[in-house]
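The next block holds one structure in the form of structure tokens; read it before the comments.
The values are calculated or read from the model by the stated rules, or taken from the named source; none is laboratory data. A quick note: this is a predicted structure, and the numbers were derived from the prediction, not measured. Quick reminder, even Gly has a Cβ in these numbers, built from the backbone with ideal geometry, and neighbours come from all protein chains shown. The area values use the complete protein model at the heavy-atom level, side chains included, leaving out ligands, DNA and RNA. Shrake-Rupley method; radii C 1.70, N 1.55, O 1.52, S 1.80 Å.
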Amino acid sequence: MQAFKEPIYVTRPMLPPLEEVENKLKEIWGAKWLTNFGHQHQILENVLSKRLKVPYLSLFNNCTTALMVSCRALGLSGEVITTPFTFAATPHILAWSNIKPVFCDVDPVTMNIDADKIESMITPKTTGILAVHVFGTPCNVNKIQSIAEHYGLKVIYDAAHAFCVEIDGRGIGTYGDASAISFHATKLYHTVEGGAVLLNSGELKKKVDYMKNFGIQDEEHVVMAGINGKMNEVQAAIGLINLQYVDQEIANRKKLTQIYREELDTVSGIKLPIIFENVKQNYQYFVIRINEKCYGFSRNYVYEKLKEYNIYSRKYFYPLCSDYACYREIESANRVNLANAVSVGDECLSLPLYGALDADDVRKICAVLREIRKGRSN
Ligand SMILES: *Cc1c(COP(=O)(O)O)cnc(C)c1O
């Protein structure tokens, strides 16, 4: 089988018609208001809170600041229980807040923090749980909530991957004390860079709003130690434009996901992402798991081999955060206690998926995956 002529990347950003961006920029130039809660910002906050089905939403310059501010607004300190199978930002926001990340193993099916193991990791220093809805699959939100209530812990969700995800029709951002979502260019829906904190409490929204703007209440009152986490008008405008196209983007990805599923369903050693009937998914990623024994080759081999065909997949998430040099000395980072995370981290491969990807290219990627398997010795 021949390699692709042009490289196929794991993702490509949504790019709305440039003309629409130009028109919006004209509007912003006319208003002479580039940042600090302008017109575009106000509209986007409103529209997005409805869209994500959350009572309150606060826009940010990125998801990492959104997580840091959530953590601070909820008064977390000491130790926070989190997952090693995530993007670097998750444990980093704890470390940057002088909080010790405590790594809990993941559920082998959902790949999210294993709620049944959280309790055993709680110490007198524990103040919260920072869980991640990995690849948009919801965590065991009910179990996490009941543990949090029982032990008086706060819950923050890193919902970076969970744009528009719902459980039984309920917005994913309504679970826990706060959730943070990412609008980075590589995510499903973007504002080039950006993010938001999703909240149930109006009081907390007020606090978060102060915190992202240096703690400034008005010209003469700075009411708390804040930071600069604001989203500017150009970002907000791109977000408003992209909102018009995101449903089409999701529909396209859904179609491509179905092709992946049909084509890979019977390939031994390739495990497809699970589907929950009560969850509205967003089709942001298509992440398979490669079982070396059944497939005949390791995930790492497949990842390298795909490159020979000009296909650029990603090892999401590898290495585990608990294996980073800055965390591996922490007791909970010991791989012995993270067996599921280790195997998930060794098996996962994120395949190319974006709205503009050609359906035939997806079929060809699947054919390549079947072809690679034919080279096995057993
Ligand atoms: C992308 C991502 C982030 C960081 O988002 P930014 O908007 O780039 O700061 C955090 N957590 C997870 C799980 C992510 O995938």
**Prompt:** Does the range 63-90 hold any residues that are in contact with a helix residue (DSSP H, G or I) (Cβ under 9 Å, 6 or more places away or on another chain), of a type outside the set (Ser, Thr, Tyr) and either near the ligand (Cβ under 10 Å from one of its atoms) or assigned to a loop (DSSP other than H, G, I, E, B) (or both), and which are they?
**Reply:** Cys63, Ala66, Leu67, Met68, Leu74, Leu76, Pro84, Phe85, Phe87, Ala88, Ala89
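Residues are listed down the side, and each one gets a yes or a no for (1) under 20 Å from the mean Cα position of the chain (by Cα); (2) farther than 17 Å from Tyr210 by Cα:
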| site | (1), (2) |
| --- | --- |
| Leu25 | no, yes |
| Trp33 | no, yes |
| Leu48 | yes, yes |
| Leu59 | yes, no |
| Leu67 | yes, no |
**Complete:** Residues of the range 91-106 being in a loop (DSSP other than H, G, I, E, B) and surrounded by fewer than 21 Cβ atoms within 10 Å (Cβ to Cβ), in sequence order, are Trp96, Ser97, Asn98
**Message:** If I filter the range 186-227 down to residues being within 14 Å of the ligand (Cβ to nearest atom) and open to solvent by 30 Å² or more (accessible area, probe 1.4 Å), which single residue comes out as farthest from Arg51 (Cα to Cα)?
**Reply:** Ile227
**For Ile181: the one exception among (1) in a loop (DSSP other than H, G, I, E, B); (2) open to solvent by less than 10 Å² (accessible area, probe 1.4 Å); (3) in contact with a Cys (Cβ under 9 Å, 6 or more places away or on another chain); (4) near the ligand (Cβ under 10 Å from one of its atoms)** = (1)
**Prompt:** For the range 201-232, how many residues meet the condition of being closer than 30 Å to Leu18 by Cα, outside any loop (DSSP other than H, G, I, E, B) and out of contact with any Lys or Arg (no Cβ under 9 Å at 6 or more places or on another chain)?
**Reply:** 0
**Asked** Mind checking which residues of the range 149-174 are assigned to a loop (DSSP other than H, G, I, E, B) and within 16 Å of the ligand (Cβ to nearest atom)?
**Response** Ala159, Ala160, His161, Ala162, Phe163, Cys164, Val165
**Request:** With the condition kept exactly as written, say whether any residue in the range 132-149 is crowded, with 23+ Cβ neighbours inside 10 Å, of a type in the set (A, V, I, L, M) and within 22 Å of Leu198 (Cβ to Cβ).
**Result:** yes
**Asked** Do the conditions hold for Met68, that is, is it within 29 Å of Ile275 (Cβ to Cβ) and open to solvent by 10 Å² or more (accessible area, probe 1.4 Å)?
**Response** no
**Request:** Kindly indicate the residue of the range 295-329 that is open to solvent by less than 20 Å² (accessible area, probe 1.4 Å) and of a type in the set (A, V, I, L, M) and also nearest to the chain's Cα centre (by Cα) among those meeting that condition.
**Result:** Leu320
**One residue from Glu263, Glu249 being touching a Cys at 6+ places or on another chain (Cβ under 8 Å), open to solvent by 10 Å² or more (accessible area, probe 1.4 Å) and in a helix (DSSP H, G or I)** = Glu263
